[in-house]
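The values are calculated or read from the model by the stated rules, or taken from the named source; none is laboratory data. This one's a predicted model, so the numbers in the text were calculated from it and none came from an experiment. Neighbour counts run over all protein chains shown; Cβ positions are idealised from the backbone, glycine included. Remember, those area values only see protein heavy atoms, side chains included, never the ligands or the DNA or RNA. Shrake-Rupley method; radii C 1.70, N 1.55, O 1.52, S 1.80 Å.
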Amino acid sequence: MHSPDSPQLKDMVAVSSSEIPLTIEQQFRVERACRKIDECDDVETLKQLSKALIVTAAKERAFSRVVMDRLKQ
């Protein structure tokens, strides 16, 4: 991994997740998932959904890290 002072990272700009826009399709998927959560009264189902979301988010972060590492090479 490169140090924060390495030339490869000096030109990179920090990007906040709030600055990354969702596509229309992504917005619809988020809205649909939020409605399902709001409609669900079953705690076990909500637990399973929460766990699935945590795993999915972790996999997306890992994928992004792999892509960034490959771009830095």
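Figure legend. Inter-residue proximity from segment 50-73: first residues at pLDDT below 95, second residues open to solvent by less than 100 Å² (accessible area, probe 1.4 Å) and not in a helix (DSSP H, G or I), beta-carbon distance below 8 Å, spacing 6+ or different chains. Indicated pairs: 72/2.
Checking each residue in segment 25-54 for being open to solvent by 70 Å² or more (accessible area, probe 1.4 Å) and within 18 Å of the chain's Cα centre (by Cα) picks out 25, 26, 27, 28, 29, 30, 31, 32, 51, 53, 54.
Within segment 43-73, the set of residues being among the polar types (S, T, N, Q) and within 17 Å of residue 30 (Cβ to Cβ) comprises 50, 56.
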